[in-house]
Amino acid sequence: MEYAPETIAHLAQQVTQAFKAALEPRLASSPTSVTIADVETGLREFLRQMGGQALSLFLSSGAGTPVAELPCACGGTLHYQRQREATVTSVFGKITYERVYYAGC
C-alpha cells in the first residue's frame, strides 16, 4: 500500500497535537523529567490504542447492507440472521467490531 505524503504529514500533525495535549500535565509539573524513552513509550501506546479503534471502525464499516441469502459451500443456502459482535486479536490487541451473521444448512 502507498499513502500520500500529504496525508501522512497531516495525520502526523494531528497525532502530535493530541499526544502533546495528553503529555501536557506531566510536562507542566516537571518538564525535565520527560525522557525520549518516555515519549517513545507513550507514543507507541497512543498509536496502539488509536490503531485498534481505527481497525474496529474499518471492520464495522465493511458490514454494509446484508443480503437476505447467500449460497453455502455445501450447496445449501445461508440466511441472514442479524448483526453481531465479533472479536479478533490483532497487533493492536483485542478488537471488537460489528459484522453480519448468517446461518443455515
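The table below lists the values:
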| read-out | value |
| --- | --- |
| Alpha-carbon Rg with Dmax, taken over region 5-104, Å | 20.8, 68 |
| Folded to 0 to 90 degrees: helix 36-61 orientation relative to the chain principal axis, Cα | 20 degrees |
| Charge-dipole axis of the chain as Lys and Arg at +1 and Asp and Glu at -1 on Cβ define it, positive-most pick from THR35, TYR3, THR87 | THR87 |
| Nonlocal amide H pairs with TYR102, under 5 Å, H built at 1.01 Å | GLN81 |
| Centre separation in Å (Cα based) which lies between region 74-88 and region 6-66 | 34 Å |
| Cβ-placed point charges (K, R +1; D, E -1), dipole of the chain about Cα centre in debye, nearest 20 | 280 debye |
| For a label point 7 Å along the Cα-to-beta-carbon line of GLN83, residues of region 38-66 with backbone N under 15 Å | 56-66 |
| Label point distance in nm, ALA54-SER90, each placed 7 Å from Cα along Cα→Cβ | 1.0 nm |
| Spin-label pair THR65/GLN14, simplified geometry with 7 Å Cα→Cβ offset, distance in nm | 2.8 nm |
| With Cα atoms, 0 to 90° folded angle of helix 5-29 axis to the chain main axis | 60 degrees |
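No lab work stands behind these numbers, since they all come straight from the coordinates. Given the structure is predicted, the values throughout are model-derived calculations rather than measurements. Every residue, glycine among them, receives a Cβ derived from its backbone with ideal geometry; neighbour counts consider all protein chains shown.
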